[in-house]
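Novice: Have a look at this one.
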Amino acid sequence: MIAAALGGLMAMAPPAQAAGKTLYLFNWQDYIGKGLIKKYEAHCGCKVVQTYYDSNSALAAKLKAGGDSQFDVVVPSSYYVPQLIHEGLIAKLNKAEIPNFRNLAAQFKNPTYDPHDDYSMPYQWGTTGIGYLKTKIASLPESWAVLFDPKLNPDYPFALMGGSGRDTMGAACAYLGYGFTCNKKSQWIKAAKLIEKTEKRKNFTGFVDGDPAMGQIKKGTIAIGMTFNGDVAECYDDKSCLNSGYLVPKQGTEIWVDTMAIPKHAPDPKLGYDFINFILSAKAGAELSNFNLYGSPNAAAGPMLSKELKTPLIKPTSAQMKYLHFLPPLAGTKLQTFNAIWTAVRQH
């Protein structure tokens, strides 16, 4: 009994190497609750310092500018992981340091964006779709046409997603019949021309990202915009956007996973591994998703998830899953080509 008790205490004790140390976390804004951060600090006997970014391109730029030696853990989106690998900005993982890897649901292991889970671990997942104001638009077809066909929306203000451009270009490609995962220069050019044409419409308000778009919809600044399912769930939960709707276009859209990775020259990779393993524990994984209202990739967390996380908004139906896709990886010359086309769109 004494041995068992001692074993239990040792299992709960913070890692000795973490005492007095600091974990530097580079994350999206408001993507982890303060309570969970405090629990991790108590677990590791360390301090957590968070810095924030608002797009994957901003994350990559920071890492290239020396940030790969300033942060222990970063949280890139799935489609951006291959680029970070190609540019040598994140380290190959030793899964022996992440025993809670076993808690992940099978569908989130060995993903196309990171075969064999060599460089990243899932953090949260969700979908990209269209948010809209029900008070102005009673119903909409489940199609990207609501953004790109002026006949469907001649007057109501609307926005497109900015950032890296992958979602917006994918949406335009899907509308044109090339599929959301279009991957050819000729397709990108035609999608870019459609977006440039869309920019000239009198009711187009500009490019924003998922969180700001939902904020503008809540305020009534725009009636339609590209956003993320978790942002809609969050404002449903706090009752600030009960007059809003969310749809997943049948022509295809993104299923994404935000991941955890360790920069190539992280100041304390051991502490980075410990944080990742902590987040992949059942209790921490459930608390993370219950706070964010995004899907959990953690099968062990399932029984502790709130009822909101089990609705079709967060857990798509089997029919919806058929038209959800991971964005294909881009790197090297192909990435340069895409970026040049997207930059031209934004400067148009």
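Novice: Looking at Ala171, Ala159, which is the one that is farther than 18 Å from Thr337 by Cβ and part of a helix (DSSP H, G or I)?
Specialist: Answer to the selection: Ala171.
Novice: In the list Ile137, Ile98, Ile130, Ile90, which residue meets the criterion of being β-branched (Val, Ile, Thr), over 18 Å from the mean Cα position of the chain (by Cα) and open to solvent by less than 10 Å² (accessible area, probe 1.4 Å)?
Specialist: Ile98
Novice: Take region 205-227 and flag every residue that is closer than 19 Å to Asn292 by Cβ and either open to solvent by 10 Å² or more (accessible area, probe 1.4 Å) or in a loop (DSSP other than H, G, I, E, B) (or both).
Specialist: Listed by number, the residues that qualify are Asp209, Asp211, Pro212, Gly215, Lys218.
Novice: Then there is this: Do any residues in region 47-72 that are open to solvent by less than 80 Å² (accessible area, probe 1.4 Å) have Cβ atoms under 8 Å from those of residues that are of a type in the set (Asp, Glu), where the two are at least six apart or on different chains, and which pairs are they?
Specialist: Val48/Glu41; Ser55/Asp209; Ala60/Glu87; Asp72/Asp268
Novice: For region 53-155, list the helices (runs of 4 or more DSSP H) that sit wholly inside it and hold at least 2 residues that are of a type outside the set (A, V, I, L, M, F, W, C); which are they?
Specialist: Details: elements: 56-64, 81-86, 145-148.
So the answer is 56-64, 81-86.
Novice: Could I ask something else about it? Looking at region 280-308 only, could you name the residues that are touching a residue at least 40 places away in the same chain (Cβ under 8 Å) and over 19 Å from Asn100 (Cα atoms)?
Specialist: Correct list: Phe291, Asn292, Leu293, Tyr294, Glu308.
Novice: Among the numbered conditions (1) in contact with a Cys (Cβ under 7 Å, 6 or more places away or on another chain); (2) modelled with pLDDT under 95, tell me where Asn56 comes up short.
Specialist: Single failed check for Asn56: (1).
Novice: Taking region 110-121, which residues are surrounded by fewer than 18 Cβ atoms within 10 Å (Cβ to Cβ) and touching a Phe, Trp or Tyr at 6+ places or on another chain (Cβ under 8 Å)? Please lay out each step first, then the result.
Specialist: Taking region 110-121 as the starting set, the residues that turn out to be surrounded by fewer than 18 Cβ atoms within 10 Å (Cβ to Cβ) are 110, 112, 115-116, 118.
Scanning region 110-121 gives a single hit, Thr112.
Novice: Would you kindly identify the helices (runs of 4 or more DSSP H) lying entirely within region 228-328 that contain at least 1 residues that are aromatic (Phe, Trp, Tyr) and either in contact with a helix residue (DSSP H, G or I) (Cβ under 9 Å, 6 or more places away or on another chain) or crowded, with 18+ Cβ neighbours inside 10 Å (or both)? Quick ask: steps written out before the conclusion?
Specialist: On the way: elements: 229-237, 269-279, 282-292, 318-321.
Per the criteria, 229-237, 269-279, 282-292.
The values are calculated or read from the model by the stated rules, or taken from the named source; none is laboratory data. The model shown is predicted, which means the values in this text are computed figures rather than measured ones. Here the Cβ is made from the backbone with ideal geometry for all residues, glycine too, and neighbour counts use every protein chain on show. In case anyone asks, the SASA skips ligands and DNA or RNA and just uses the protein heavy atoms, side chains included. Shrake-Rupley method; radii C 1.70, N 1.55, O 1.52, S 1.80 Å.
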